[in-house]
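First comes the structure, then the notes that go with it.
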Amino acid sequence: MCSCTCRYEGCSCTDERRRFRPGPPESSAARSKVSVSPKKIVFLPGESDPDRTIPRLRRHMKEIAYVAPHIFKIFILLINFNFNFPVDITKDLKNGDLFEVGRQNLFLQSVTSVSSRKIFFDFVQHKLNGNMWSTSYTNLVKRQILNFSVGLSKKWRKSYRNTTKFKKNYSEWLNATFKMPKNEVIINSASTVGRRSKQFDKCTERTKRRKINVLLNSNIELTSPEIISAAKHKINKSGQRSVVQIFNTTTTTPKRAKKIKKILKNSETLKPIPYNPDEALAFFIENNLTKQQYVNIRLSAKKRNADIFPPYNSIINAKKQCYPKNCIMSETYCEIKLQDLLDHTSTRIFLIPDIKINELFLESFEILYKWGCDGSNGQSQYKQKYSDNNNSSSDKDLFLFSIVPLQLNSFDEQNNKHIIWTNNRTSSTRFCRPIKFKFEKETVETTLKEVNSVEDQIKQLTPTEILFNGNRILVKHTLMFTMVDGKVCNSMTNTSSQKCFICGSSPKEMNNIKNVISFNVNHESLRFGLSTLHAWIRFFECLLHVSYRLEIKKWAQKKKYVQDRFRAELGLLVDVVLQGKGNTNDGNTARRFFSNPEISSEITGINLNLIRRFKNIFTAISCGHEINAEAFNSYALDTANLFVDLYPWYYMPASVHKILIHGADVIRFAILPIGKLSEDAQESRNKDYKTIREHHTRKDTRQHTNEDLLNMLLVSSDPYISSIRIIPNKTNQDISDEVRSLLLINDSLDNIESDLNDSFSEMDI
């Protein structure tokens with residue numbers, strides 16, 4: 001063998017300087033006879049790194065271009081062949097490195113599995129730059145990793161699978177160098193020229209289709225089951241047994257794959273959606289929760305990995321956004337200045353997500369409200385001391401003022417009205433805002449004093465300035481005093497309860513229909529509306545009292561008969577006295593009476609047509625749609641004449657007279673449909689007052705009790721919070737053709753949703 005540094009057998013050079021010395025020219029024939037074949041290379045000590053040799057040869061390619069052609073061909077061949085040289089950097093790879101890989105990937109329990117050994121191999125290959133390893137040497141490395149995995153598994157079990165004990169017992173083994181297999185340096189003559197092929201999973205879809213076409217277009221006819229079976233066998237051999245199990249599950253039945261696909265799709269889209277503070281507050285109010293109940297629900301959800309409820313402190317901050325400025329609170333009353341209440345209410349209305357305002361309608365805005373007052377007695381008397389030692393004060397009577405926003409209108413340059421937002425729950429307490437409440441009895445003097453105080457504030461109202469979508473807009477406030485009952489109307493007009501406060505007719509005059517329609521009407525009194533909720537009750541009581549005088553002359557005997565029949569057939573308690581609460585003749589009882597006209601007529605003996613006509617009138621004035629005033633007037637007068645013809649001996653009550661004789665005048669006077677101006681929300685608020693005062697207030701002092709009561713009334717009626725609460729479905733009310741003829745809207749009226757059902761469905765009146 002030659003002793004020069006070229007290290008090839010048969011070299012004729014004698015020293016290193018002659019290696020690249022050009023020799024005598026050769027003929028083309030001689031060059032053509034030269035054949036090159038792979039040779040075994042033997043490295044000298046200290047020269048085992050070919051990575052420095054090959055780049056140097058490439059850099060000096062031009063210098064050796066004139067060397068003998070057979071030498072040139074040999075170098076070209078060497079450069080293009082894949083080398084498999086041993087890399088002497090195993091000193092940097094220790095057994096502890098592979099142990100840490102297994103510990104970090106959490107597979108020490110199954111360290112000998114195929115998937116675990118593949119992770120070890122990928123780590124070693126990356127660490128030692130083994131991308132150029134031949135197939136035979138790769139198999140040797142995998143064999144060595146298998147031996148290492150078996151040894152590691154035994155040592156891990158002997159250490160009782162404890163990392164601290166393992167490192168203590170086998171510290172010397174962990175610091176030892178990982179033994180790589182010996183490598184014979186063989187030039188791989190089977191390698192091809194050009195760039196290496198990319199892994200299949202890293203190829204584009206187009207390249208993948210091209211590669212699998214070799215299999216699909218082969219001469220061997222393969223069916224789908226055969227291809228699937230081969231794929232499962234290959235996947236199982238690679239160690240991915242879980243994938244094979246899922247593969248088998250998807251092919252169990254034809255529909256199983258679709259079900260799994262649907263589950264995977266839903267798992268990505270149907271993730272838990274957390275509540276924001278406002279939504280959580282709406283959930284809190286809608287379910288009438290206490291603080292502790294909310295905290296319990298939140299903690300229970302967190303234990304089940306559903307952290308969707310914000311902490312209660314976020315609820316408190318959201319509540320504070322529902323409070324207007326300048327709230328006056330004391331032991332005997334609470335009050336909010338009307339200007340501050342309307343400013344805050346209008347600001348919260350503009351936060352409702354459904355409100356979308358066109359820039360063309362930014363000229364002026366107007367919010368329509370209804371407001372009113374109502375007194376109630378029989379309140380709970382708390383064992384709390386008054387700080388001023390005023391023994392005359394008492395909390396058994398309550399006088400409450402409320403306001404409800406109905407509609408937000410916008411006007412363009414031509415002064416055309418555009419409805420931006422409408423309260424679809426005008427008879428519900430969801431938007432019923434408290435103005436003030438006092439612990440005092442409702443009397444004529446108290447009513448006049450407090451109502452005049454509110455009306456003085458109304459006269460001094462100024463438009464509210466609101467910043468909406470970067471634009472400053474002014475909102476005007478229009479209030480209608482319609483949430484009142486007959487008692488308030490009589491107090492405001494200084495009229496006896498037996499007389500009509502609109503025309504002043506007495507009970508004896510009311511049955512003379514031709515005469516009474518010619519009476520002068522006090523147009524100022526038309527602003528009070530029709531008090532539709534109380535009208536149901538008054539008409540119901542009117543028919544009951546008529547029935548008590550029919551056939552059987554003894555009032556008590558006939559009353560007992562009617563009460564027993566209603567109790568047995570409809571489950572109603574009729575005309576039963578309740579201690580401290582009047583009687584059982586409430587709105588729900590009246591509604592059920594008129595909803596079953598045949599049974600009611602059979603029990604009471606009242607004319608069936610009269611009951612049906614009363615029901616049609618109530619349906620029209622309660623549905624919330626526009627009413628044809630002329631048609632209503634004609635229908636109401638015919639009903640009044642029918643009543644007088646049937647029972648001329650019974651004087652028509654003032655409440656019945658007001659609707660049958662003056663109903664059309666009130667409908668013409670109202671800005672909105674008369675059904676939206678009812679007093680239902682005001683009446684329902686009395687029950688809310690009792691519940692909130694009992695369950696949601698502090699009882700340490702009277703002032704704290706009133707403060708918590710007012711705050712809860714404000715939060716539960718906040719327009720923005722109420723708009724994101726869950727709205728219960730309305731009960732559809734079928735209407736007859738007679739009711740259709742009384743309404744101005746005649747299309748899509750198969751089912752009219754009665755606003756009256758809002759209060760009936762949410763609480764008893």
*Could you list all residues from the stretch 284-343 that are among the hydroxyl-bearing types (Ser, Thr, Tyr) and within 17 Å of residue 710 (Cβ to Cβ)?*
323, 330, 332, 333
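The rows are residues; the columns are (1) closer than 30 Å to residue 110 by Cα; (2) part of a loop (DSSP other than H, G, I, E, B); (3) of a type outside the set (A, V, I, L, M); (4) in contact with a Leu (Cβ under 9 Å, 6 or more places away or on another chain).
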| residue | (1), (2), (3), (4) |
| --- | --- |
| 235 | yes, no, no, no |
| 245 | yes, no, yes, no |
| 252 | yes, yes, yes, no |
| 261 | no, no, yes, no |
| 285 | no, no, no, no |
| 310 | no, yes, yes, no |
| 316 | no, no, no, no |
| 324 | no, yes, yes, yes |
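For the stretch 562-577, does any single residue satisfy the condition of being outside any helix (DSSP H, G or I), of a type outside the set (S, T, N, Q) and on the phi > 0 side of the Ramachandran plot?
Initial filter on the stretch 562-577 (outside any helix (DSSP H, G or I)): 570-577.
If we keep only those that are of a type outside the set (S, T, N, Q) too, we end up with 570-577.
Of the ones still in play, those that are also on the phi > 0 side of the Ramachandran plot are 571, 575.
So far as the stretch 562-577 goes, yes, one or more of its residues are outside any helix (DSSP H, G or I), of a type outside the set (S, T, N, Q) and on the phi > 0 side of the Ramachandran plot.
Please verify whether residue 605 is on the phi > 0 side of the Ramachandran plot, touching a strand residue (DSSP E or B) at 6+ places or on another chain (Cβ under 9 Å) and not hydroxyl-bearing (Ser, Thr, Tyr), treating the condition exactly as stated. Write out each step before concluding.
Details: on the phi > 0 side of the Ramachandran plot: yes; touching a strand residue (DSSP E or B) at 6+ places or on another chain (Cβ under 9 Å): no; not hydroxyl-bearing (Ser, Thr, Tyr): yes.
Taking the combined requirement at face value, the residue does not satisfy it.
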*asked:* Tally up the residues in the stretch 379-414 that are in contact with a Leu (Cβ under 9 Å, 6 or more places away or on another chain) and part of a loop (DSSP other than H, G, I, E, B), please.
replied: 3
*Might you check whether a residue that is crowded, with 18+ Cβ neighbours inside 10 Å, within 17 Å of residue 238 (Cα to Cα) and among the polar types (S, T, N, Q) occurs anywhere in the stretch 125-148?*
no
*List pairs: first in the stretch 145-156 and assigned to a helix (DSSP H, G or I), second hydrophobic (A, V, I, L, M, F, W, C), Cβ under 6 Å, 6+ apart or cross-chain?*
145/120; 145/121; 149/111; 152/111; 153/111; 156/108
*Candidate set: the stretch 366-391, residues that are of a type in the set (Gly, Ala, Ser) and more than 18 Å from residue 445 (Cα to Cα); chosen: the one surrounded by the fewest Cβ atoms within 10 Å (Cβ to Cβ)*: 380
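Go over the candidates 112, 138, 163 one by one and state the one that is out of contact with any Lys or Arg (no Cβ under 9 Å at 6 or more places or on another chain) and modelled with pLDDT of 85 or more.
On the way: 112 fails: modelled with pLDDT of 85 or more; 163 fails: out of contact with any Lys or Arg (no Cβ under 9 Å at 6 or more places or on another chain).
So the residue among 112, 138, 163 that is out of contact with any Lys or Arg (no Cβ under 9 Å at 6 or more places or on another chain) and modelled with pLDDT of 85 or more is 138.
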*Give the residue that is farthest from residue 380 (Cα to Cα), with candidates limited to residues of the stretch 441-458 that are touching a residue at least 60 places away in the same chain (Cβ under 8 Å) and among the acidic types (Asp, Glu).*
450
*Go through the stretch 580-596 and count every residue that is modelled with pLDDT under 85 and basic (Lys, Arg).*
1
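Considering only residues that are charged (D, E, K, R), more than 35 Å from the chain's Cα centre (by Cα) and not in a loop (DSSP other than H, G, I, E, B), look in the stretch 453-510 and name the one that is surrounded by the fewest Cβ atoms within 10 Å (Cβ to Cβ).
As a first pass, look at the stretch 453-510 and keep what is charged (D, E, K, R): 455-456, 459, 465, 472, 476, 485, 487, 499, 508-509.
Now restrict to residues that are more than 35 Å from the chain's Cα centre (by Cα): 455-456, 459, 485, 487, 499, 508-509.
Now restrict to residues that are not in a loop (DSSP other than H, G, I, E, B): 455-456, 459, 487, 508-509.
Numbers: 455: 13, 456: 10, 459: 6, 487: 17, 508: 9, 509: 17.
Here the answer is 459.
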*Positions within the stretch 289-306 being in a helix (DSSP H, G or I), under 16 Å from residue 276 (Cα atoms) and not charged (D, E, K, R), in sequence order*: 294, 295, 297, 301
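Would you please name the residue that is surrounded by the most Cβ atoms within 10 Å (Cβ to Cβ), looking only at residues in the stretch 601-637 that are among the polar types (S, T, N, Q) and in contact with an Asp or Glu (Cβ under 7 Å, 6 or more places away or on another chain)? Write out each step before concluding.
Kept after step one, since they are among the polar types (S, T, N, Q), are these residues of the stretch 601-637: 601, 604, 607, 609, 616, 619, 622, 628, 633-634.
After this cut, where a residue has to be in contact with an Asp or Glu (Cβ under 7 Å, 6 or more places away or on another chain) as well, the list is 616, 622.
Values: 616: 21, 622: 27.
Here the residue is 622.
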_Residue pairs meeting the criteria (Cβ under 6 Å; at least 6 apart or on separate chains; first at negative phi and modelled with pLDDT of 90 or more, in the stretch 489-509; second part of a loop (DSSP other than H, G, I, E, B) and among the β-branched types (Val, Ile, Thr))_ = 501/495; 502/521; 503/521
*With a cut-off of at least 3 residues that are surrounded by 17 or more Cβ atoms within 10 Å (Cβ to Cβ), name the helices (runs of 4 or more DSSP H) lying wholly within the stretch 659-747.*
680-695, 702-716, 719-723
*Can you tell me which residue within the stretch 565-600, out of those that are within 23 Å of residue 619 (Cα to Cα) and touching a residue at least 60 places away in the same chain (Cβ under 8 Å), is surrounded by the fewest Cβ atoms within 10 Å (Cβ to Cβ)?*
588
*Identify the single condition in (1) at pLDDT 95 or above; (2) assigned to a loop (DSSP other than H, G, I, E, B) that residue 345 does not satisfy, given that it satisfies every other one.*
(2)
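Just checking, does the stretch 323-346 include any residue being of a type in the set (Lys, Arg) and buried (at least 19 other Cβ atoms within 10 Å of the Cβ)?
No, there is no match, as no residue in the stretch 323-346 is of a type in the set (Lys, Arg) and buried (at least 19 other Cβ atoms within 10 Å of the Cβ).
The values are calculated or read from the model by the stated rules, or taken from the named source; none is laboratory data. From a predicted model like this one, the values you see are computed outputs, not experimental measurements. No Cβ is skipped: glycine too gets one built from the backbone with ideal geometry, and neighbour counts run over all protein chains shown.
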